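Below you'll find the structure, written out as structure tokens, and then a few comments.
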Amino acid sequence: MGSETSYLPVTAAWAKAGNTSEPVPHPLVCHLIDTAAVAHELYEVLLGPSVRAELEAGLRPLGRPRSVVAVLCGLHDLGKLSPAFQALRHDIAAARFSTTGSVPVLRALDYAEKRHRATPERTDLPHGVATAAHMADRFRRMGVAGETADEIASVIGGHHGTLPQRAEIRAAQRKAGDLGTGPWQVARDELMDTVASLWDCTFPATGCTEVALPHPAGVGLAGLTTISDWIASNQRWFEAHPDVSDLAEYRAKAVATAQQAIAELGWQPWRPTDVSCAGMFPEPAPNSLQRTVEELVADCDSPGILTIEAPTGEGKTRAALQAAATLVQRLGLSGMYMGMPTKATSRQARGEIDALLTQQGSSLRANPVYSGATAERSPHGPRIEVREVGVDEPSRESDGASADSSAEPDSETGSNEVHEWFAKKRGLAAPIGVGTIDQALQAVIRSRHNFLRMSCLSSKVLVVDEVHSYETYTSTLLDRLLWWCGRLGITVVLLSATLAATRRDELIDRWQSGHRNPASAPEELTATQPGGWQVTWADGTGRRPPREFGVSEQNPLVLKWIHERSTTSRDDSRDLVGWLRENIESEGCAAIIHNTVARAKRTFETLQTECAGWEEPPELFFLTGQLDAKDRAEREQILQARFGAESEHRRGIVVGTQVLEQSLDLDFDIMITDPCPVDLLLQRAGRLHRHSRSARPVSKRMLGLIDPRPPANAKQKAKRKYRFPESAVYRQYLKISTMEAVGANMTLDMPAAVPKLVQKVYVEEVRPNEEARYEQWDESRKRYERTDHVDTHEGEVAALPMSIPGQSLNEFTRHTTNPSRTRKERGRKEQQP
């Protein structure tokens, strides 16, 4: 390395300055070792087999791939060995560098410190970009192809959430005063070699022309680097060691500490014991659907996509859990993530999964992953508070004593922010997570740390429930997520009770397109005949023939028009109240689902007055998505106890919004609903007579539908159109088509009618015969198509691009947007995560 190495020993640089109350610096070399140790332990837990295979193929020329990956993750903060960073705490750096006797080193330090004091805001080189600048240069010197060298450098240097662009890396290499040349560059090379040697790796001087980093490998390396850094930065486990003389001894301690940290986090792979349906769910015995799914996945030996289409109440969730357990076992995965449409469904699914884990004797528990889930997280995992995290980069305002590293704009918004993500939303990294689908969709939105979410999913089976229920914008994001799942070899299970056959084919094709050919776009699909109840498996080799199965017998669904005047008077619900009274005045239960909170409140107030005079006044319940989180959770528990599968005292009326159609496993005798698209209408009807009971006040499954039709005697053309009680929720085109489809036959043979109705509304055109309604339908169809086009475009703009050879992975975090933009504001606000 030459005589200059004596000027700057690799143990001299600091990485963490310590907290205000405990200002003990942590050497840079120690933090790099800490991070490498964590990465080595997490390698097979966080990263899926397909991602690991691409990493191992691309990095094998450098040595044992797992060790090479660990070392690269460890080197993420290499850029801190620079005048710009070390001068942030000139007092610490000067004290640690004074023994070197190097005038050039101390002079560079003084110059950088003067620059810091001369500017009110940080204008120097962010240390992540400094890392990328040096590593790109070093890998090029080793013979690695230029684009690959830049890609590796960007991935490692982007651990604060934004992957540096190539132009940034080139500009950083020209900032000699910030980056440091001469002894600084030599010391960084020596630091790289020192850390590598501790894992028996080397960085050859030349000849590394075969090194590669395909996109899946880059995603995995970026995600593993980030999460390993966060764990290694936590003083709960990795305490500061200001003076270290024996690095091999320190490495051994770091490995033991990393193992302890991961054990305390509960991040052990899920190893299901008995994956048979009967073994996982002893009671009741598996039905036809569950047996069919079990047989289908029993011999799957490669990543793929499974679609399960079955009526509501048929046991899709259990079938999906059994399939996920089997695929985890057969494919060597770490766990699963179940993405639900709402928080309410997430809470219910979490309970089912925890019960399963307990029954199998596993110590793992499902981590809730949605906004506000921190308070609900299992006590099995440690509470990792932000205050426990060591200082990464001190802020200017507090003269280096704060834990806020907001001084580096854009590239690293602040260690508090990223560590808070880790402390509160680490559920995606945990082996088993359950939450809203939005958390998975954020993996494909152009935003900071999206690569981390994708890395976390790579080792899991991704289960998506109610896959039919999303608007065009969200569906566009889901399409892109499935494409990337195929690219990264992430196995997916999709569930639906009302999925159009064409949509099913689209979803399968998205996954296969990503897996089959990184450069291919999804194929244009032609219209498909209505599907039935079936399960379908597809992988990289093709699609197996769908398997059909028998479904439980259901009583016909009888639709009843409920008339309502379009005024704000409480008398609006008079007919509604009369129909309720006729059917459940003395016994039984009902649900009323409105499309807006305002309408739900108005009906609830009406019932408070009207039901008081009944022979047996029912207890009234109210549930919407706008309730306080704690209040809503408490009400959901009450409803589950009163109207769930095991409930006996079922007297009451529940008034609510869309949360009732997909939330809890509730069972009602009769129901009234506002008009809505056919798939959601049938979804709501699935809460009628959901469980077998010996006696009900009404034997028929009756669904009252608020009548949007005009009066029969309406003569003026304008008054002969549909008049929906609200206009902002759901597309009018779909509501009109639904009313025409169900109005033709008000008694539906269930569940056979479901796929036919969905096909009619979403694939075929249900044109009204009456002239005024036809014109209304045609106008709304044109608006629907225009809006659909806009929503698709906005979804594609927000989403990551499909992987194209030669494209840099830094496109992931270029032109970033808010990661929470997973749904449009228009409509379905009840389902916001």
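A short reminder: the numbers here are calculations on the coordinates, not readings from a lab. None of these values were measured; they are calculated from a predicted model. Backbone-built Cβ (ideal geometry, glycine too); neighbour counts: all protein chains shown.
Observations, loosely collected:
- Computed 3J(HN,Hα) for the stretch 551-563, one whole-Hz value per residue from the Karplus formula 6.51 cos²θ - 1.76 cosθ + 1.60 where θ = phi - 60°, is 10, 5, 5, 10, 5, x, 9, 9, 8, 10, 6, 10, 7, glycine and proline marked x.
- A convex hull fitted around the alpha carbon atoms of the stretch 746-828 yields 185 Å³ per residue.
- Hz values of 3J(HN,Hα) by residue in the stretch 48-54 - Karplus curve (6.51, -1.76, 1.60), Gly and Pro given as x: x, x, 5, 5, 4, 4, 6
- Radius of gyration, Dmax [the stretch 116-178; alpha carbons; angstrom]: 12.2, 41
- With Cα atoms, 0 to 90° folded angle of helix 215-232 axis to the chain main axis: 70 degrees
- Prolate/oblate/rounded call for the stretch 8-67, Cα gyration tensor, a/c under 1.5 rounded: oblate
- Among LEU8, THR624, ALA263 - extreme Cα towards positive end, dipole of the chain, charges at beta-carbon: THR624
- The stretch 671-733: Rg to Rh, with Rh as the Kirkwood radius over Cα pairs: 1.10
- Annotation: amide H of THR436 within the under-5 Å range of MET340, VAL369, sequence separation 5 or more or interchain, hydrogens built in the peptide plane.
- For the stretch 51-189, projected area of the alpha-carbon convex hull averaged over all directions, nm²: 9.1 nm²
- Signed unit charges on C-beta, dipole axis of the chain, positive-most listed residue THR792, THR342, ASN287: THR792
- Cα centroids of the stretch 664-738 and the stretch 232-272: 58 Å apart.
- Here the label points at THR609 and LYS630, each 7 Å from Cα along the C-beta direction, are separated by 3.3 nm in the simple model.
- Rounded to whole Å, sorted largest first: equivalent-ellipsoid semi-axes of the stretch 206-332, Cα gyration tensor: 43, 21, 13
- Note on the chain: Kirkwood hydrodynamic radius from all Cα pairs is 28.9 Å, rounded to one decimal.
- Shape box of the stretch 263-382 [Cα atoms, principal axes, largest first, Å]: 40, 30, 28
- Sites ALA355 and ARG544 - FRET efficiency at Förster radius 41 Å, r taken between beta-carbons, to 0.05: 0.85
- For GLN534, residues with placed amide H under 5 Å, excluding near neighbours: GLU309
- Measuring r between the beta carbons of ALA118 and VAL24 and using R0 = 25 Å, the FRET efficiency lands at 0.30.
- The charge dipole of the stretch 22-135, taken about its Cα centre with unit charges on the Cβ atoms of Lys, Arg (+1), Asp and Glu (-1) only, comes to about 320 debye.
- Per-peptide packing, taken as the mean over residues of other Cβ atoms within 10 Å, places 642-651, 179-188, 486-495, 796-805 in the sequence 486-495, 179-188, 796-805, 642-651 from highest down.
- Alpha-carbon centroids, the stretch 578-654 and the stretch 458-476: separation in whole Å: 30 Å
- Applied to the stretch 590-600, the Karplus parametrisation 6.51 cos²θ - 1.76 cosθ + 1.60 on θ = phi - 60° returns per-residue 3J(HN,Hα) values of 8, 10, 10, 10, 9, 8, 9, 5, 4, 5, 4 Hz, with x for Gly and Pro.
- Between GLU587 and ALA285, the FRET efficiency from the beta-carbon distance, with R0 = 41 Å, is close to 0.85.
- Between amide H atoms placed 1.01 Å from N, distances below 5 Å from TRP270 occur with GLY335, all of them 5 or more places distant or on a separate chain.
- Here the dipole of the chain is about 1460 debye; that uses its Cα centre as origin and unit charges on the Cβ of Lys and Arg (positive) and Asp and Glu (negative).
- Bridge type composition, the chain - antiparallel percent by DSSP, nearest 5: 25 percent
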